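See below for the structure under consideration.
The values are calculated or read from the model by the stated rules, or taken from the named source; none is laboratory data. Worth saying up front: this structure is predicted, and the values here are computed from it rather than measured. Cβ atoms come from the backbone with ideal geometry, glycine included; neighbour counts cover every protein chain shown. Please note that ligands, DNA and RNA were not included when accessible areas were found on the heavy atoms of the full protein model with its side chains. Shrake-Rupley method; radii C 1.70, N 1.55, O 1.52, S 1.80 Å.
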Amino acid sequence: MSSHQPWHHGNITRSTAEDLLSKAAKDGSFLLRDSESIQGAYALCVLYQNCVYTYRILPNEEKKLSVQASEGVPIRFFTVLSDLVEAYYKENMGLVTHLQYPVQKEEEPEEEPEPFSVPPLPPRNFPGNDSRDCHADSGRALEPTHPSIVDTYHQRLQHADMSHLCEDHQKAIQDYFCSAVGLDADHVQNGNPTLPNLKKLIVTICKSLNSEISHTLPTLEAIQKLVDQPQSPGGGRLKGQLSVDSSQSVAFRLEQLTKLIYSIEDKTKNAVFESVGYDGGHRKSLIPPVTFEVKLDSISISNKMFLKVDVESGKVYFKKSKDGPEDKYFVHNKILQLVKSQKIQTKLVIVAETEKEKTQRKEFVFNDTKKREGFCQLLQQMKNKHSGKPEPDMITIFVGTWNMGNANPPHNISSWFQSKGQGKTRDDTANHIPHDIYVIGTQEDPLGEKEWIDIVRSTLRDITNISFKPIATQTLWNIRIVVLAKPEHENRISHIFSDSVKTGIANALGNKGAVGVSFMFNGTSFGFVNSHLTSGSEKKIRRNQNYINILRFLNLGDKKVNPFDIAHRFTHLFWLGDLNYRVDLPTMEAENIVTKIKQQQYQELLNKDQLNMEKGSGNIFLEYEEEEITFPPTYRFERDTRDKYAYTKAKATGTKYNLPSWCDRVLRKSYPMVHVTCHSYGCTNDIMTSDHSPVFATFDVGVTSQFVSKNDPTKESQGAIKFMNCVATLVTKSKTKFFIEYHSSCLEKFVKGPDGENQECRDGFIKVRFGTQVELTPIISDPEYLLDQHILISVKSADSDESYGETCVALRSAEIAYTEFEVTLTHHGERTGTLTGGIQLRTSEGKQTEKLYDFIKVGDDSSASKCKSVDYIKSAMVLPTDISNPSYMGLGFKGSNMSSRAGHVAKDGGPGNISPKKAGYDHSVCSPTTKASSPISEDGQPAEMFDNPLYGSMGKSRSGKDQENLRKEHLSPPEIFAFPKPSDPDTDRTPPVPTPRNRSFTCSDSKSQSTSPASNPSSSNNSLLPHSYTKKPVVPSRSEGGMIAAGKPPLPVKYRPGQPDPQPQPQPKSRDYRDCAELPTKIRLPTRAAQPLPKDVHHETPQLPKMGRPLK
């Protein structure tokens, strides 16, 4: 009812409205826009004294409109917006000033329609058509002249070897390409594009083939009827007519023949599977054993070895020859951790439990990085399969995008789903590892939904031997997204939503736009968006607007978080598609670009990539991440080859250039401090039916389960989440009051905080302080549940209830103590300010289980060699709360005074809270899901040397003979591990507790690193730096093993009679064996109840004296 009014701007954003009014720069300037918070409502924006005031226009039940103006002003109702605006031109109507100058709606440039069909063939110059050249426009004059088509083929025939062909076929080919092809060209010029002479040639050559097809096709149709589902008689007769109708072209009949063969194979396979009750489940998928050739590095001696991984049986065999005996192996539960070397990309450390209840590590060097990654993925799959966990805490996701170019796909597209091709790809050894979820986005897709899904499922079944279940499909014209999952996950996936947004001409056509799917996987939310944005190198701004519109209007996810767009609604959001951003270089650089691509010099071109530049400027994809691009541009190829880019296209207005570009992309955005790892990102090089290459990306993603608390549900929750000292700096010219809303799945409902106090307002910024502390009560207070949760924050205006910025804070950031944070606020894809403050978390007692994705670590290669230096210990230490996360731009958590929080002693320091199987955790290197640990012991001093194999174990003293034997063991030729005997029945023995030692920069997590009062009574309990000490422990390197006979460093102080009973140590969260060479014995401290702390002591547990055996 108001679209024709010049002052009504429709659904523009709040920031755009403020910019338009600022340009007007007159008091009384105004415009109307659609409300962002209430559907069917409007927002009246008025400029006065360089500030923008916003008033809501709300409809009542009778759809009459009224303005929420100042109190005491009578409410007036209007039927149409024009009457309302006319009335408020008068003074004293309750607005800050009366309406005077309407701000006109900006005219958008008209877009030329884009062709939806297959791109036209390149132009040809035919003989006898020279008179047409004078009518060509100036653009065509720049094109080089081509020889006639007859001359071209005549030259090719002279160099073609056809001696192996029969004489009839040779003569037919020569007759056509030397003369008849020119006649076909004349037919095309006269409007007949059927190429009749070519048809005659094909019929002549395929005469015998056509006869064979007529003989074979009825037989195949008879077989299909046997394996097909019951049909109506009419359907059967219709198919039977195909073999009789020989007038069809040979190509058509061959295509039907091929489709029939594939259909028969698929339906027969399905029937056989169903007859034996095979559902393709995860447990029934067969991953064949894989053998890796490696080198065993130990004391500078390198031996060639072979590691055989059998995922199905859960064993890793260690063999000295490829065909050697398989009597030495480790069961999955004895392999404790894999540690990847950062410096040497082919090195891997395997930490395993030996027969003598010792934990040993051995270093292996693989032939290349991909082999190492393939080995790690196979062992991770083995761990996942045999973990015995009822619910997974990690899944793998395949994300693929392909602009099909309105052409049917080839029959074999398996390389796409196996991540084979160019770029960061999977090793062949990982070919048969199935992903848990496959998300496939297509653009310019000519197939029907069912036909495409059948092709994808059939391909996946051939690769993985699993019949994947369709979860969701959404199609907008030729844009489609399909989500498939393993059958075992079908009941874990819920709350499925799908939607689409058109961004074509006038946002009304669906040739461009986006489709999306969202769902919950147990307790983790996922969103997937497949978009096809406006094409053309010069239409970068239009593409940016496409992105903003999709972000605003794609309706996915939980409706409870409506104040947030899809960028904040999901734990993990993946954005894929033909984004159409180009390499922004002049057209005359085309040949130079192709040369750089052939030389694989991608970085210079990526620096000019429009998506990278716009993203870097903060215009699009704020806080999204993309894996490094190491593959060539995926557009625009000549079809049926990947060796040549077709960067020119003839149009009526002249030659259009499409420079080779990375149009097809996969980006992601995840909540802070969650586990996400990208294993592959590349494109195929053998699927050539389109002018785009398919792109693939695979991810390991952490997920949470539906949590059931073991605490008494009748008792009031012991948990609390406190936000305090919050200050928001907003980009706005509004002077309204603001408040904060807190949303989370761990809260019963959202919580609205009190209004803040506006402190500064200058240069388009306003600073708002929220001085009141806000306490949130979670529905479950168990730490295992609560530390995986996130709080969504929205800063809203009090007058219009519209959001001025949203962000997300991870509760894990406050795991240790009160923590300060600084995060970026965004709204509808724009950066709108920052929010600083503090967060404090209180949880109930409880333990955290170990995550499967912590099985693989990335090691710090330099720590072992540098740990002799105390200065290095100081410099390498990571503050426990320094957890800046790249997942959110501008997000960082600042270290605090580490003050204790109520109720946390039992969580971190009490006995029995953490599984005794876990050891110290070094989170400063790899997993973002847990806090960083410091290389300082609980007493504030650097960890002393424990269980040094040169000087004996603390758990059991060694005689001189034992030590001599140990030295010989270090100098003898390397052996693998002390393998368990095959007959050992104790295969499920609990892994040992590794004892910390000086070489390992890990220790039990504690909330502060203060020194023991006995050793340094004057030190501060809150110190986070290592204190000075007089005895520097000597750490021998591997090459020094067994060569030091004297000058031993002092042994750690052992437990002495007469000392008070020690307090139990704080239990570590999860094991980490990255820097320990040998960790023998399974010593566990006796469990005792936690003793009350003195009033003047903080919540940290006092450091124990180092122990040997407990005294009886």
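What is the one condition in (1) modelled with pLDDT under 90; (2) farther than 19 Å from Lys733 by Cβ; (3) touching a helix residue (DSSP H, G or I) at 6+ places or on another chain (Cβ under 9 Å) that Gln68 does not satisfy?
(3)
Before we move on, is Arg140 open to solvent by 80 Å² or more (accessible area, probe 1.4 Å), modelled with pLDDT under 80 and in contact with a strand residue (DSSP E or B) (Cβ under 8 Å, 6 or more places away or on another chain)?
Criteria met by Arg140.
For Gln231, which of the numbered conditions (1) under 30 Å from Cys376 (Cβ atoms); (2) open to solvent by 50 Å² or more (accessible area, probe 1.4 Å); (3) at pLDDT below 60 fails to hold?
Failing condition for Gln231: (1).
How many residues does the stretch 708-761 contain that are at pLDDT below 80 and open to solvent by less than 80 Å² (accessible area, probe 1.4 Å)?
4
Please work out if Ser163 is closer than 20 Å to Arg253 by Cβ and loosely packed, with under 12 Cβ neighbours inside 10 Å.
no
Quick one: which residue in Ile548, Ile505, Ile493 is surrounded by fewer than 23 Cβ atoms within 10 Å (Cβ to Cβ), over 23 Å from the mean Cα position of the chain (by Cα) and not charged (D, E, K, R)?
Step by step, each of Ile548, Ile505, Ile493 is checked, and only Ile505 is surrounded by fewer than 23 Cβ atoms within 10 Å (Cβ to Cβ), over 23 Å from the mean Cα position of the chain (by Cα) and not charged (D, E, K, R).
Can you tell me which residue in the stretch 644-666 is surrounded by the most Cβ atoms within 10 Å (Cβ to Cβ), limited to those that are among the aliphatic types (A, V, I, L, M) and over 30 Å from Leu825 (Cβ atoms)?
Leu659
Could you go through the stretch 621-643 and let me know if any residue there is without any contact (Cβ under 8 Å) to a residue 60 or more places away in the chain, surrounded by fewer than 22 Cβ atoms within 10 Å (Cβ to Cβ) and under 30 Å from Thr524 (Cβ atoms).
yes
Among Leu242, Leu201, which is the only one that is on the phi < 0 side of the Ramachandran plot and modelled with pLDDT of 80 or more?
Only one candidate qualifies: Leu201.
Checking Ser869 against (1) modelled with pLDDT of 90 or more; (2) among the small types (Gly, Ala, Ser); (3) open to solvent by 40 Å² or more (accessible area, probe 1.4 Å): exactly one of these is not met. Which one?
The one condition Ser869 does not meet is (1).
Which of the strands (runs of 3 or more DSSP E) found entirely inside the stretch 395-483 contain at least 3 residues meeting this: open to solvent by 20 Å² or more (accessible area, probe 1.4 Å) and not β-branched (Val, Ile, Thr)?
Where strands (runs of 3 or more DSSP E) fall fully within the stretch 395-483 and carry at least 3 residues being open to solvent by 20 Å² or more (accessible area, probe 1.4 Å) and not β-branched (Val, Ile, Thr), they are 422-424, 469-476.
Among the residues of the stretch 183-211, how many are within 51 Å of the chain's Cα centre (by Cα) and either part of a helix (DSSP H, G or I) or surrounded by 14 or more Cβ atoms within 10 Å (Cβ to Cβ) (or both)?
The qualifying residues number 8.
Do you know which residues across the stretch 762-819 are charged (D, E, K, R), surrounded by fewer than 19 Cβ atoms within 10 Å (Cβ to Cβ) and under 18 Å from Gln718 (Cβ atoms)?
Glu775, Glu784
For the list (1) of a type in the set (Asp, Glu); (2) part of a loop (DSSP other than H, G, I, E, B); (3) open to solvent by less than 30 Å² (accessible area, probe 1.4 Å), I need the number of the one condition that Asp686 fails.
Of the numbered conditions (1) of a type in the set (Asp, Glu); (2) part of a loop (DSSP other than H, G, I, E, B); (3) open to solvent by less than 30 Å² (accessible area, probe 1.4 Å), the odd one out for Asp686 is (3).
Within the set of pairs 6 or more residues apart or between chains, which connect a residue that is over 26 Å from Leu379 (Cα atoms) inside the stretch 846-869 to a residue that is modelled with pLDDT of 85 or more and assigned to a loop (DSSP other than H, G, I, E, B) with Cβ atoms less than 8 Å apart?
What qualifies is Gly846/Asp782.
Please work out if Leu379 is aliphatic (A, V, I, L, M), crowded, with 18+ Cβ neighbours inside 10 Å and more than 16 Å from Tyr853 (Cβ to Cβ).
So Leu379 fails the test.
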